[in-house]
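Written out below as structure tokens is the structure these notes cover.
Read the figures in this text as sums done on the coordinates, not as results from a lab. Values in this document were obtained by computation on a predicted structure and should not be read as measured data. In this analysis, Cβ positions are derived from the backbone assuming ideal geometry, glycine residues included, and neighbour counts consider all displayed protein chains.
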Amino acid sequence: MKTEIEVDLYADVEPEGIMRGLYLGEGSCEPAFEGVESWEEIVERNIGYHIRPGPEIISSVDMEELEKTVAGLEHAIALFGEKMEQYKE
């Protein structure tokens, strides 16, 4: 027997962090899961990926990757600002 289930994922930016929702079933109006991951949690998780155990440092190679992530976030902030100015009354 084979069953198909429609799955819909939702993610968006909120002032508190990233909102995520999971909808199961065709035409589902209520999420099976919905929650916000705070900016603090996101930062701690991403930094934590790169911390070396023992001396608890981040290598220069990993630091470069994190700097790219920060640059991407700064670019997103600039885009938000530009779009807000474009449509301002």
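Here are a few things to note about the model shown:
- For segment 2-55, residues that are of a type outside the set (Asp, Glu) and under 25 Å from LEU73 (Cα atoms) total 25.
- Positions within segment 12-34 being surrounded by 10 or more Cβ atoms within 10 Å (Cβ to Cβ) and outside any loop (DSSP other than H, G, I, E, B), in sequence order: VAL13, GLU14, GLY17, ILE18, MET19, ARG20, GLY21, LEU22, TYR23, LEU24, PHE33, GLU34
- When segment 30-77 is filtered for residues that are free of Cβ contacts under 8 Å to residues at least 12 places away in the same chain, at negative phi and small (Gly, Ala, Ser), the ones remaining, listed by number, are ALA32, GLY48, SER59, SER60, ALA71, GLY72, ALA76.
- Residue in segment 46-56 that is charged (D, E, K, R) and in a helix (DSSP H, G or I) present: no
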